[in-house]
Amino acid sequence: MKTLTNLPRNVWILGLVSLLTDISSEMIHSVLPLFLVSALGANLPTVGAIEGIAESTASLLKVFSGALSDYRGKRKELALAGYGLSALVKPLFALAMNPFWVLMARFGDRVGKGIRVAPRDALVADVTTEENRGAAYGLRQSLDTVGAFLGPLFAFALLSLSAQNFRLVFSLALIPGFLSVGLLAVGIDESKQPKQKTPTNPLKWSALASLGRDYWCLVGVALLFNLGNSSDAFLLLRAKQVGIPTLQIPLTLVMMNLAYSLSAYPVGLLSDRIGRVGLLTVGLSLHALVYFGFALANSPGLLWGLFALYGLHLGMSQGVLLAIVADRVPARLRGTAFGTINLATGIALLPASLLAGFLWQEISPQAAFLAGSFLAVAAIALLMANYRP
């Protein structure tokens, strides 16, 4: 396809780096909740706290990393530091003897993500235009998600062959993680990107105000939506509760990420043609519907379909949101803009996971998912009320 061949080399390299990183990460994450509960004896609030603390605390770094990449005009080195840190802490999962070890490993992994995400997303924006930006973010998300469904597939195979040896899965996940760091180091070239002649502080009030009303509306939507978007660990635990066998649990993420990878690029390409905000609204609506379905589902067959729809929601929202941000902020503040919206998302994840864990244990699993569905509807209402075409 002509659009694919015309996308810049940096977009392809970043996509392949994401693919390898997600193979490594999802090999671990797809079985981590089961490892915590069955091997380390953690309860549901502990699982929620580990996920929420790791995501939210590390997210504080995203805005500073993005702003630093704007100030220095160099994004590759920050992305490399973030991917490298995530790879280095992964041995802790294999060595974990109690939930605190897992918390430290998750925290280090998420700190690495917090450092790399905003510079990486800004690197894509730097080499694209509004006419191909949706396709570029869609391609990167698609390649990222190929890794996200291969990772659980590898975990399923390894668990099957090793009598559910979780630590073996965690150990072998190191290989693609280190390969991704090497590819990023040698593959990305940002030498042709223009640099600011006089660096200015991108976090001062006047710079943040210049990001514009539309951007800050998107930040509010992302914050509200993610207050109900609890960790995927709860989706996996719900799958087990409804009756999906333990060995098949990682395959639910394969289903989800297959749908995600197949939809992200076509949706991104479509957003270049017909506009992005309508597609984002549909994607958020689909999330509300899926969470409502998880609350009511009482059969494994229905859950498999809901995992596929959840992947479609991700394909219709994640890359499109990034493209909207890149379209609507000044080029000199892209890293700051991506970092700030990621910060808003990360801040919401701790209360989201704690709320889901509390509702699950004190009321019912259904209450946890219904709360998430309601907050997604509220975010859609905010988007529709405030967005200016």
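The values are calculated or read from the model by the stated rules, or taken from the named source; none is laboratory data. These figures come from a predicted structure and were not determined experimentally. Cβ: placed from backbone, ideal geometry, glycine included. Neighbour counts: every protein chain shown. Remember, those area values only see protein heavy atoms, side chains included, never the ligands or the DNA or RNA. Shrake-Rupley method; radii C 1.70, N 1.55, O 1.52, S 1.80 Å.
Structural remarks
- Shown here: Rg/Rh (Cα atoms, Kirkwood Rh), derived from the displayed model; of the candidates (i) 0.95; (ii) 1.06; (iii) 0.98, it corresponds to (i).
- Most to least accessible of V37, V221, V186 (protein chains only, probe 1.4 Å): V186, V37, V221
- Overall, the chain carries a charge dipole of about 860 debye about its Cα centre when +1 sits on the Cβ of Lys and Arg and -1 on the Cβ of Asp and Glu, all other atoms neutral.
- Straight-distance candidates among the aspartates and glutamates for linking to K74, with alpha-carbon spacing under 14 Å and chain neighbours fewer than 8 residues away dropped: D121, D126, D189, E190.
- Probing with 1.4 Å while keeping every protein chain in the model, the per residue accessible area of the chain equals 38 Å².
- Each of P365, G114, A94 was placed along the dipole of the chain (beta-carbon charges, centred on the mean Cα), and the one lying farthest toward the positive end is G114.
- Calculated mean residue ellipticity, 222 nm, the chain: -26500 deg cm²/dmol, from DSSP H runs (n ≥ 4) at -39500 (n - 2.57) each, averaged per residue and rounded to 500.
- Placing unit charges on the Cβ atoms only, positive for Lys and Arg and negative for Asp and Glu, gives region 104-182 a dipole magnitude near 360 debye about its Cα centre.
- Shape category assigned to region 305-389 from the gyration tensor of Cα positions, a/c cut at 1.5: prolate
- Computed accessible area, K90, all protein chains, 1.4 angstrom probe, square angstrom: 10
- Span-rule helices in the chain, defined as complete DSSP H runs reaching 18 Å or more along the axis (Cα) with Kyte mean at least 0.0: 9-29, 44-72, 76-89, 99-126, 133-161, 174-187, 213-226, 249-274, 277-296, 300-328, 334-362, 365-386
- When the solvent-accessible area of region 131-277 is split by element, carbon and sulfur atoms take up 68 percent of it, the probe being 1.4 Å.
- Within the straight-line cut-off of under 12 Å between alpha carbons, the aspartates and glutamates reachable from K90 are E26, D109, sequence neighbours fewer than 8 places apart in one chain being disregarded.
- Length-normalised contact order of region 251-327 in % [C-alpha pairs under 8 Å, at least 6 apart]: 55
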